[in-house]
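Inspection log for the structure reproduced underneath, given as structure tokens.
None of the figures in this text is laboratory data; all of them are computed from the coordinates on show. As the structure is a prediction and not an experimental result, all values here were calculated from the model. Positions of Cβ are backbone-derived with ideal geometry, glycine not excepted, and every protein chain shown enters the neighbour counts.
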Amino acid sequence: MTSFEKALQFIEQRWLQKTGKRLSPIQKAILHGSWEEEAIPYHQIAVQENYSSQYIQQWPLHRYGVSYRIY
């Protein structure tokens with residue numbers, strides 16, 4: 001298991017405790033993009049995942065105690 005997979009497992013548990021919901025695929029993509037050495041911008045994640053950057057920006061994980069480095 002990679003360090004990202006371990007972190008994702010922890011974050012998913014915390015998210016579930018705080019919201020009662022599981023992370024969506026796009027939320028996981030945002031977290032993965034922020035895990036990289038140099039954070040990946042929203043528009044690049046959007047292109048990689050076939051979403052608009054506006055759609056991706058609507059997922060504010062930090063409200064629930066999850067921080068990330070997306071710019």
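Determine the gain in length on full extension of the stretch Arg22-Asn50; use 0.36 nm per residue of separation and subtract their C-alpha separation, reporting nm with one decimal.
Gain on extension, Arg22 to Asn50, equals 8.0 nm.
Run through the stretch 1-58 and list the GluC sites (Glu not before Pro) located in a DSSP loop whose Cβ has at most 15 other Cβ atoms within 10 Å.
Those satisfying the criteria are Glu36, Glu37, Glu38.
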